[in-house]
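**Student:** Mind looking over this structure? Questions follow.
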Amino acid sequence: MTEPLLRVEGLSKRFHGKDVVVDVDLSLTAGETLVVIGASGVGKTTLARLILCLVEPDAGAIHLDGIDLVGLRGAARRRHRRALQMVFQDSLAALNPRADVLRLLTDPLRVRLDIARSRRTALIHAVLDDVDLDPGLLGRPPHALSGGQRQRVALARALLADARLIIMDEPMAAQDAVRRLRLAALVKRLQAERNLSFLVITHDLETAAILADRVAVMASGRLVETGPAERILRQPASDAARHLLAARLRLPPAQTKGGD
Ligand SMILES: Nc1ncnc2c1ncn2[C@@H]1O[C@H](COP(=O)(O)OP(=O)(O)OP(=O)(O)O)[C@@H](O)[C@H]1O
């Protein structure tokens, strides 16, 4: 069997004596989207930050292409970790407010020794095309873009950094139905064209239904159920998944909220 792109084993983290991520195993193959779904506060963001090496685990391994990132330090870790990129929930806070789009897209290329300076402009324009952004936006700062455009700038940065796995935190929060479907189409196209993988974290069942190949349900720091999206969304086996589904059916969409 081929090695998955990402294989997480026994990942655990405590904060101030509280178990936040507990013995998590998960794997992701190239070209696949895994959605980790769970109510607010169950540890989804911490799991994402652990995988990105932004937080040191207390235990466990994070194999990327068969190499354990937890065992690497310094430049070696940074080099291997580059294949993992994050698109944050609030891309306005995550993007340098003083930089225009051109600068935001040039930054990830500065560290890429495989790209000659003379090729940067052509590459940026190719990626703008990939994510459906108008080159006319290159001179604008992040606050002069719409939320959807900022999200696509963040995605373009991840692509220019040579990401193979993109982690997205609540990518469809506060988006209308049309924007959700556009984002889903973009994710599917990037998967198909670049064999990219996505790890999406959300409390929102609709995001899971639209994006997921597989779903992992998180409750109290543990993954309690993992399987094909269709099966879990139709016939959940865990209480946590059943609660998410029941809450969704009880409330109109505007009030739907993952409680603790
Ligand atoms: N750096 C930290 N120090 C202390 N506690 C933390 C830290 N980061 C997270 N926590 C705690 O860990 C728990 C899980 O938080 P986390 O943000 O991972 O959950 P989540 O499922 O992503 O929630 P949400 O959907 O609301 O963002 C919370 O109780 C939070 O207060």
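The values are calculated or read from the model by the stated rules, or taken from the named source; none is laboratory data. None of the values given here were measured: they were computed from a predicted structure. A quick note on method: Cβ atoms are made from the backbone with ideal geometry, for glycine too, and the neighbour counts reach across all protein chains shown.
**Student:** Could you tell me whether region 151-164 includes any residue that is of a type outside the set (Lys, Arg) and on the phi > 0 side of the Ramachandran plot?
**Tutor:** yes
**Student:** Look at residue 79 and say whether it is without any contact (Cβ under 8 Å) to a residue 12 or more places away in the chain and outside the structural domain of residue 48 (by TED's automatic domain parsing).
**Tutor:** No; evaluated as a whole, the condition is false for this residue.
**Student:** Tell me, which strands (runs of 3 or more DSSP E) lie completely within region 1-72 with 2 or more residues that are over 19 Å from the mean Cα position of the chain (by Cα)?
**Tutor:** Qualifying strands (runs of 3 or more DSSP E): 6-15, 18-28, 59-64.
**Student:** Any residue in region 168-180 that's over 11 Å from residue 208 (Cα atoms): show its pairings with residues that are among the aromatic types (Phe, Trp, Tyr) at Cβ separation under 9 Å, as long as the two are six or more apart or on different chains.
**Tutor:** Pairs found: 168/88; 168/198; 169/88.
**Student:** Now for a different question. Looking at residue 3 and the list (1) modelled with pLDDT of 95 or more; (2) more than 9 Å from the ligand (Cβ to nearest atom), which single condition is not satisfied?
**Tutor:** (1)
**Student:** For region 138-172, which positions are farther than 18 Å from residue 96 by Cα and of a type in the set (A, V, I, L, M)?
**Tutor:** Passing the criteria: 163, 165, 166, 167, 168, 172.
**Student:** Going through region 52-67 one residue at a time, which ones are out of contact with any strand residue (DSSP E or B) (no Cβ under 6 Å at 6 or more places or on another chain) and within 13 Å of the ligand (Cβ to nearest atom)?
**Tutor:** Listed by number, the residues that qualify are 54, 55, 56.
**Student:** Also, quick follow-up: If I ask for residues that are of a type in the set (S, T, N, Q) and crowded, with 17+ Cβ neighbours inside 10 Å, which ones from region 135-169 would you list?
**Tutor:** Listed by number, the residues that qualify are 149, 151.
**Student:** Does residue 70 count as modelled with pLDDT of 90 or more, within 16 Å of the ligand (Cβ to nearest atom) and not small (Gly, Ala, Ser)?
**Tutor:** No; evaluated as a whole, the condition is false for this residue.
**Student:** If a residue must be within 16 Å of the ligand (Cβ to nearest atom) and crowded, with 17+ Cβ neighbours inside 10 Å, how many such residues does region 6-21 contain?
**Tutor:** Of the residues in that region, 6 qualify.
**Student:** Residue 211 is checked against (1) more than 16 Å from the ligand (Cβ to nearest atom); (2) within 19 Å of residue 105 (Cα to Cα) and fails just one. What number does that condition carry?
**Tutor:** Every listed condition holds for residue 211 apart from (2).
**Student:** Further question: How many residues, within region 90-136, are outside any helix (DSSP H, G or I) and small (Gly, Ala, Ser)?
**Tutor:** Count: 2.
**Student:** Now, a different point. Is it the case, given these coordinates, that residue 33 is assigned by TED's automatic domain parsing to the domain that holds residue 218, polar (S, T, N, Q), touching a residue at least 12 places away in the same chain (Cβ under 8 Å) and closer than 27 Å to residue 107 by Cβ?
**Tutor:** yes
**Student:** Against the conditions (1) charged (D, E, K, R); (2) buried (at least 16 other Cβ atoms within 10 Å of the Cβ); (3) within 16 Å of the ligand (Cβ to nearest atom), where does residue 32 fall short? Just the number, please.
**Tutor:** (3)
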